[in-house]
Amino acid sequence: MIRLEGIIFVVICSFFCFVISGPAQAANTMSVQIKEGQVRSTPSFLGTIVAKLAYGDSVEIIQDQGAWKKVALRGGVQGWIHTSALSEKSIILKAGAKNVQTSATGSEIALAGKGFSEQVEKQYKSLNRNINYAWIDRMEKFQVSPEQMQAFLKQGGVAPAKGGAQ
Amino acid sequence: MKTRLLPLSLIALLSLVSCQTMESATSIATTIGQSTGVVSSSQADSIQKTARAVSRSAEEFTPEQEYYIGRSVGAVVLTKYPAHEDDKVNQYLNIIGQTLAQASDMPGIFGGYHFLVLNSNEINAFATPSGLVFVTRGLLRCCRNEDALAAVLAHEIGHIELRHGMQAIKKARITEALTTIAAEGAKTFGSKEVAALTETFGGTITDITNTMIEKGYSRSAEYEADLKAVKLLRRVGYDPNGLVEMLTAMKKNLKAGGLDFAKTHPSPENRIEEIQKDGIQYATVKIPTARQQRFQQMLGKI
Ligand SMILES: [Zn+2]
């Protein structure tokens, strides 16, 4: 009897805590704040990629583990994404979001393409003709897949520390 | 049963109290997590940082804006140093560098991490905000094995993770930039808004490149980047003594009065000393044959 009462007490308390603290604490949904978010099968940099997300996509957080979050995607796919790829703000992409522009200064919304953007870079480039972005664009094309990484580590006998492979 | 239940108002009050102590609870939980080994100290740092309110700082730039800053900083670096156009060598750097970056505490960066060799005999390296890393041939010649090379790249990743480039932006510039951005309306190319933003942007790039290329970061920033590198090397499975061996070779190769690491970084001796304070006992790095062979093939004649 006393045990049951204790459990009821804890349940009710956590319910109130959730309600009072509101969305800031709940934060069940987060947005991808980078160009390509990688969702992995395990919470590790060696986990295979099960899904790729685009900038601004929102994900539902279902579990935390260290610097990783387990997310549920539309279509039933689940996997792990590193916290550094996520933002608590909703990210509004510019296309079709003209009305959002005025309200985008709030702390809960970020507007993609605002501030230092492609447009500003173009203007900066036109004012500084000696600066060359050709190699920057080429660098961005240097991509290494998780499979290549794994094969490379294996071939060179580089063994990630057990449990340290986060 | 009914009489035994606590009055609802009391329950509400109790849970309210527990909510208010949430932030200190975070720090207690983090400390416990750390002592039990569930949370690494760097993860603990980032958890603490998120719990704390952010003051007006460079962190208010979105990763997307940081990305555009990084691209232009990189483009300025490339006006001073030409790229070393060897696809195989650049690919080798990227496979090691991107693997390390994925294992770091900040794998999620807007445009990803990318690495490029610079065709210069100087002993130098640069890391822009948002993941562009440049290493000169002169610095690569200080590496006798892959672990030493990984150490060079891990140090640069450390600068990015610790946001040293972004911290070089002058405080007044940050305020100016964030104010301009907040007031930004519908902008079109060539408009007043874009002109104002571009001016602030140009100033931001200058702040960062002046520090990164000319003045150098603080000594403590360099030691911090070394410690980050040591942690990262261990995590991936490279020998942290690769960093010590690279610094020992650098000591021989650096020329006094040089405008490279001789000017912008603490001396290799001091860096080794700081790393060893962190508990690294020097022992010769042992490299498996296959790893040494591929290194020689790629960088033996750099
Ligand atoms: Zn450095």
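None of the figures in this text is laboratory data; all of them are computed from the coordinates on show. Note that the structure is a prediction, hence the values are computed from the model and not measured. Neighbour counts run over all protein chains shown; Cβ positions are idealised from the backbone, glycine included.
Order these peptides, B:71-78, A:38-45, by their mean beta-carbon neighbour count within 10 angstrom, highest first.
B:71-78, A:38-45
At 7 Å along the Cα-to-beta-carbon direction for both A:Ala134 and A:Gln155, put a label point, then send me their distance in nm to one decimal.
3.0
Tell me the label-point distance for the pair A:Glu118, B:Ala182, using the 7 Å Cα-to-Cβ offset, in nm and rounded to one decimal.
Placing both labels 7 Å beyond Cα along the Cβ direction yields 2.8 nm.
Could you list B:Phe61, A:Phe152 in order of exposure, starting from the residue whose Cβ has the fewest other Cβ atoms within 10 Å?
Exposure proxy ranking, most exposed first: A:Phe152, B:Phe61.
Sorted from fewest to most neighbouring beta carbons within 10 Å, what does the list B:Asp260, A:Asp137 look like?
Neighbour counts put them in this order, fewest first: A:Asp137, B:Asp260.
Given the C-alpha centroids of the range A:34-54 and the range B:227-302, what is the distance between them in whole angstrom?
What the calculation gives is 31 Å, centre to centre.
Distance from the Cα centre of the range B:196-215 to that of the range B:144-168, in angstrom?
Centre-to-centre distance over Cα atoms comes out at 21 Å.
Restricting attention to the range B:188-264, which chymotrypsin sites (Phe, Trp or Tyr not before Pro) occupy a DSSP loop and are surrounded by at most 11 other Cβ atoms within 10 Å?
Counting only loop positions with at most 11 other Cβ atoms within 10 Å, the chymotrypsin sites (Phe, Trp or Tyr not before Pro) in the range B:188-264 are B:Phe189.
Which whole number gives the average, over all residues in A:143-154, of C-beta atoms from other chains lying within 10 Å of the residue C-beta?
Taking the mean over all residues of the peptide, I get 4.
If Lys and Arg each add +1 and Asp and Glu each add -1, what is the summed charge of the other residues whose beta carbon sits under 10 Å from the beta carbon of B:Leu232?
Cβ neighbours under 10 Å give a net charge of +2.
Measuring from label point to label point, each 7 Å out along Cα→Cβ, what is the B:Lys252 to A:Ala72 span in nm?
Distance between the two pseudo-spin positions: 6.1 nm.
Return the long-range amide H neighbours of A:Arg40 (sequence gap of 5 or more, or a different chain), with a cut-off of under 5 Å between placed amide H atoms.
A:Val50, A:Trp80, A:Ile81
Putting +1 on Lys and Arg Cβ atoms and -1 on Asp and Glu Cβ atoms, find which of A:Ile92, A:Gln148, A:Gly37 reaches farthest to the positive end of the dipole of the range A:29-153.
A:Ile92
Restricting to lysine pairs 8 or more places apart or on different chains, what number in the range A:29-153 have Cα atoms under 21 Å apart?
24
Per residue of B:90-98, how many C-beta atoms from partner chains lie within 10 Å of its own C-beta, taken as a mean?
Average per residue, whole number: 4.
May I ask you to derive the relative contact order of the range A:40-99, considering only C-alpha pairs under 8 Å and at least 6 residues apart, and to give it as an integer percent?
Result for the range A:40-99 is 30 percent.
Normalised by the residues of the range A:29-153, what does the relative contact order come to in percent, with Cα pairs under 8 Å and at least six apart?
Reported as a whole number, the value is 21 percent.
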